[in-house]
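Student: I have a structure I would like to understand better, so I am pasting it below and will then ask my questions one at a time.
The values are calculated or read from the model by the stated rules, or taken from the named source; none is laboratory data. In this text the structure is predicted, and so the values were computed from the model without any measurement. Backbone-built Cβ (ideal geometry, glycine too); neighbour counts: all protein chains shown. Just so you know, the surface numbers come from the protein's heavy atoms only, side chains and all, with ligands and any DNA or RNA stripped out. Shrake-Rupley method; radii C 1.70, N 1.55, O 1.52, S 1.80 Å.
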2 protein chains.
Amino acid sequence: MHDIKLVLIGLGNLGRRFCEVVLEKEAFLADQYGIRLRIVGVADSRGAAVDPDGLDLPTVIHLKRQGQSVAAYPEGGQPGKGALALVESVAADVLLEASPVNLSQQAEPGLSCIRTALGKGMHVVTPNKGPLVVAFRELHTLASEHGVSLRYDGTVAGGLPALNLGCRDLRGARIRMIEAVPNLVTGYVMDMLGDGLGWDVATARARAAGVLEADAAWDLDGWDAAAKLVILTNAVIGVDAKLEDVARVGIQAVDALELQAARERGERYRLLARAEIAHDGSYGLSVAPLPLPVTHPLGRLGRKQMGVVFTTDIYGTITAIIDESDPTPSSATMLRDILDIYAREPMAPVH
Amino acid sequence: MHDIKLVLIGLGNLGRRFCEVVLEKEAFLADQYGIRLRIVGVADSRGAAVDPDGLDLPTVIHLKRQGQSVAAYPEGGQPGKGALALVESVAADVLLEASPVNLSQQAEPGLSCIRTALGKGMHVVTPNKGPLVVAFRELHTLASEHGVSLRYDGTVAGGLPALNLGCRDLRGARIRMIEAVPNLVTGYVMDMLGDGLGWDVATARARAAGVLEADAAWDLDGWDAAAKLVILTNAVIGVDAKLEDVARVGIQAVDALELQAARERGERYRLLARAEIAHDGSYGLSVAPLPLPVTHPLGRLGRKQMGVVFTTDIYGTITAIIDESDPTPSSATMLRDILDIYAREPMAPVH
C-alpha cells in the first residue's frame, strides 16, 4: 500500500467536496491502485489543522458543513495559522492548492504556497487559476528544477479533462484553433435574459443557484473565461500568453433583443473563449459572447455543460463536453491529477 | 536528438498515411520534442524493405501509391519476406503493427508480430483491433514482464483519443456506462437508407466512397463496433470482456420505414456500442442500431463523426467527438502513441 500524504489549502466547495471524495473512495483506491490518501494538513481562511497520521475526514467535513473553521479541529486545530505557514511546516508529498482565485492580490497566498511546496520538492495539484495565470512559466520551471509534478487539470472547464486532452493527445499536431465554453454561469444568465428576464433578476437567480460568485464581474465580464484561455494557450499550444493578450468582451455587451432574436434563428449565445492561429503563426486570443448555431460543436450546450473544441492539422477536429450538475467533478480533478502523478500506467487494473 | 527506430507492418491506408505524417512532421518533431523517427523496416503483404539507417520515405510512399510492394525498394527490398520474419530480424525500438483486422485467422500474423516484438523488448503501437480482441490480457502481461509499453489508441473511433481519455482521465471513477458510435460506415449507410435508397445502392455508394471494406459484414453486422467495445471495456473498465460477450445486432435489423419514421421524429439512427453496469456490478455489453434523439450526446453525429460518452460517478458525464474527414487522424494515432511513450512530460514545449 502506497501512502500519499496531502496538504489541502482551501476548504470551500472544492476542498470540502474533495475530502468527501477521498472518504468515499478510500476502499476503491486501495483496491484498484494500492494507494491510500492521507490528508495530514488543511487550512481555511481562519486557521489550520494538522495530524501527521492523517486527519479524520468526517470531522473536517462536519466542521465545514457547520460553517466552522478547521482551526476548531480537536487537538490538531491551529487557529490563525496561515496557509503558507502550514505548507512551510508540514511534511507531505503533495500540495493541493484549492483556494479561490485572487488576481487582485497577485494570486496570493496561493502562489506563495505553490512556490514553497515546489521548492520543498512536493508535487503540486491545483484547480486555482490565479497562480498559473500570473506565473505559468516560472512555476513550470520551478517544478522541473525540483523534479516534481505540477498538475492543474481542474483549472479549465470544471471536471472536463480539456487540458489533459490538449496536452497529451494532440502532441505532434499543429493546433489551428481552440474554442472553449469553459464557464457555466455566463450561459445560464444569457439563457435567462433570452427568456425575457431582466439583468438584475437573472443575476440574482444565478447567485441564488450558487453559481455566481461574490465577485460577479469576474465571471460576467469574461475574466474567468480569459484566465482559462490563457492557461489553455500556454499549456496546449506552448505560447507564452498573458491575461492582457485576450481581447475580452463581457456578456453585458449583448442586449436582450439580440438574445431573443438569436433564439428564433435557432442559435444559442455562449461566452466563447478562442485562440486562433493567424497567417504569421501567432495566435489571436479572444473572449466574447457569440451566437452559436446548432451546427457548431458547442452550439447545443445546456445549462450544466461546458466544452472545448480543438481544430488540428493531423488529428481532425476534436470536441469534448462535460455535463456537470454539482461541484463533485471539479473537485475530483484533484484526484485525477494525483493519480496521474502516482499511477502512471494508464491501463485500468485487471479484475 | 533522440533517434527512435520503428518497424512498420502494413502499408494500407493507415501505414502509408503514417509515413506521410512522419515525413511532413520531421522538422516539427525535432524542434518540439527533440525526436527523430526512423523507419528502419517495413512490410506489406508481398514483401519487406530494410535500411538500418532509416528508409527513404518518399520512395516507400511512391511505391505504395503506384500499387507496388515495398519489396521493390531499391537495394533494401526483400520480396517474399514476411512480417514476422522482419520483426524477428530487425533491430528497432518500436513495432508499429498496422495490418488489417484478421479475426478469421485468429488475428494473425499481427498477433505473432506483437508477441515477438514485446518478447524482444520492443514497445508496440498498434491500431489493429484483432490482436487486442484475441489476447488483451496476455499482451499486457507480456509487455509488463518485458518492461515495455503497449499502446493502441487508434483501435477505437479513429483519431479520437477515446481510450486515452477513458484510461487516464477517469481514473478513480466508477464507470456506469460507456456509449460509443465508433464506426462511420454504419451511420452513413443508415442515413442513405433513411433517404430512401435501397440496401444495394447504399452499400455500393459506401464502397465507392472507400469507407466499406471488402468484408462488408465486419462493419454492417456490428463486428467492428463489438471489437471496439471489447477493447474499451477491457482497457477502461478493467473487465475481461470477450467478443462473444457482446449482444450484437447489425444494421440490417432496421427497416427503411423505421429509419424514415425516426427522422421525422427528429431522431437519428446510429449503431451504438454500449457497456452498462448492472445491479450486481457486472457490465452488459451490446451493439445495436438505435434511434438517438437530438438530446443524446451522440444524437447529432454527422457522416464524418464518431463519438464516445462516459457516464461516471465522480467526473460527471463526459462526451468526446471527432470530426474526421480522411484517414490522417486514424494514422496519426500511431504518432500520438509514440509520443506518449517517449515524451512523457505532457506539457507543450515552451516557445
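Student: Does residue A:277 satisfy the criteria of being at pLDDT 95 or above and within 8 Å of chain B (Cβ to nearest Cβ)?
Tutor: So residue A:277 does not fit the description; no.
Student: When you scan segment A:157-165, do you find a residue that is crowded, with 20+ Cβ neighbours inside 10 Å and over 19 Å from residue A:98 (Cβ atoms), even just one?
Tutor: For segment A:157-165, residues crowded, with 20+ Cβ neighbours inside 10 Å and over 19 Å from residue A:98 (Cβ atoms): present.
Student: Can you find, within segment A:298-321, the residue that is surrounded by the most Cβ atoms within 10 Å (Cβ to Cβ) among those that are free of Cβ contacts under 8 Å to residues at least 24 places away in the same chain and assigned to a loop (DSSP other than H, G, I, E, B)?
Tutor: Checked segment A:298-321; the qualifying residue surrounded by the most Cβ atoms within 10 Å (Cβ to Cβ) is A:316.
Yes/no per residue for (1) under 21 Å from residue B:118 (Cα atoms); (2) of a type in the set (A, V, I, L, M); (3) open to solvent by less than 60 Å² (accessible area, probe 1.4 Å); (4) touching a residue at least 24 places away in the same chain (Cβ under 8 Å):
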site	(1), (2), (3), (4)
B:14	no, yes, yes, yes
B:21	no, yes, yes, yes
B:24	no, no, no, no
B:32	no, no, yes, yes
B:43	yes, yes, yes, yes
B:61	no, yes, yes, yes
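Student: Do we have any residue at all in segment B:37-57 that's assigned by TED's automatic domain parsing to the domain that holds residue B:135 and in a helix (DSSP H, G or I)?
Tutor: yes
Student: Kindly indicate the residue of segment A:281-297 that is at pLDDT below 95 and out of contact with any strand residue (DSSP E or B) (no Cβ under 9 Å at 6 or more places or on another chain) and also surrounded by the fewest Cβ atoms within 10 Å (Cβ to Cβ) among those meeting that condition.
Tutor: A:281
For every residue, the table says whether it meets (1) outside any helix (DSSP H, G or I); (2) open to solvent by 10 Å² or more (accessible area, probe 1.4 Å); (3) closer than 22 Å to residue B:256 by Cα; (4) out of contact with any helix residue (DSSP H, G or I) (no Cβ under 8 Å at 6 or more places or on another chain).
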position	(1), (2), (3), (4)
B:201	no, yes, yes, no
B:206	no, no, yes, no
B:211	yes, yes, yes, no
B:226	no, no, no, no
B:230	no, no, no, no
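Student: When the residues of segment A:91-144 are filtered to those that are among the acidic types (Asp, Glu) and crowded, with 18+ Cβ neighbours inside 10 Å, which remaining residue is nearest to residue A:37 (Cα to Cα)?
Tutor: By that ranking, first place goes to A:93.
Student: Let me ask something else about it. Given the residues B:219, B:215, which is the only one that is crowded, with 18+ Cβ neighbours inside 10 Å and free of Cβ contacts under 8 Å to residues at least 40 places away in the same chain?
Tutor: Result of the check over B:219, B:215: B:219.
Student: Of the residues that make up segment A:261-270, is at least one within 20 Å of residue A:311 (Cα to Cα), over 17 Å from the mean Cα position of the chain (by Cα) and crowded, with 20+ Cβ neighbours inside 10 Å?
Tutor: Looking through segment A:261-270, at least one residue is within 20 Å of residue A:311 (Cα to Cα), over 17 Å from the mean Cα position of the chain (by Cα) and crowded, with 20+ Cβ neighbours inside 10 Å.
Student: Does any residue in segment A:152-165 that is facing chain B (nearest Cβ under 7 Å) come within less than 7 Å, Cβ to Cβ, of a residue that is part of a loop (DSSP other than H, G, I, E, B) and of a type in the set (Asp, Glu) six or more places away or on a different chain, and which pairs are these?
Tutor: Matching pairs, first to second residue: A:159/A:324.
Student: Return yes or no: is residue A:269 within 13 Å of chain B (Cβ to nearest Cβ) and not polar (S, T, N, Q)?
Tutor: no
Student: Quick check on residue B:277: is it farther than 17 Å from residue B:130 by Cβ and under 20 Å from the mean Cα position of the chain (by Cα)?
Tutor: no
Student: Between A:243, A:285, A:290, A:298, which is within 21 Å of residue A:223 (Cβ to Cβ) and within 14 Å of chain B (Cβ to nearest Cβ)?
Tutor: A:298
Student: Residue A:187: open to solvent by 10 Å² or more (accessible area, probe 1.4 Å) and more than 13 Å from chain B (Cβ to nearest Cβ), yes or no?
Tutor: Considered against the rule, which asks whether it is open to solvent by 10 Å² or more (accessible area, probe 1.4 Å) and more than 13 Å from chain B (Cβ to nearest Cβ), residue A:187 comes out as no.
Student: Is it fair to say residue B:255 is open to solvent by 20 Å² or more (accessible area, probe 1.4 Å), among the acidic types (Asp, Glu), out of contact with any strand residue (DSSP E or B) (no Cβ under 9 Å at 6 or more places or on another chain) and within 14 Å of chain A (Cβ to nearest Cβ)?
Tutor: Considered against the rule, which asks whether it is open to solvent by 20 Å² or more (accessible area, probe 1.4 Å), among the acidic types (Asp, Glu), out of contact with any strand residue (DSSP E or B) (no Cβ under 9 Å at 6 or more places or on another chain) and within 14 Å of chain A (Cβ to nearest Cβ), residue B:255 comes out as no.
Student: Also, I was wondering about something else. What are the residues in segment B:325-343 that are within 7 Å of chain A (Cβ to nearest Cβ) and modelled with pLDDT of 95 or more, if any?
Tutor: Correct list: B:328, B:329, B:332, B:335, B:336, B:339.
Student: So how many residues does segment B:298-312 have that are out of contact with any helix residue (DSSP H, G or I) (no Cβ under 9 Å at 6 or more places or on another chain) and modelled with pLDDT of 95 or more?
Tutor: Within segment B:298-312, residues that are out of contact with any helix residue (DSSP H, G or I) (no Cβ under 9 Å at 6 or more places or on another chain) and modelled with pLDDT of 95 or more number 3.
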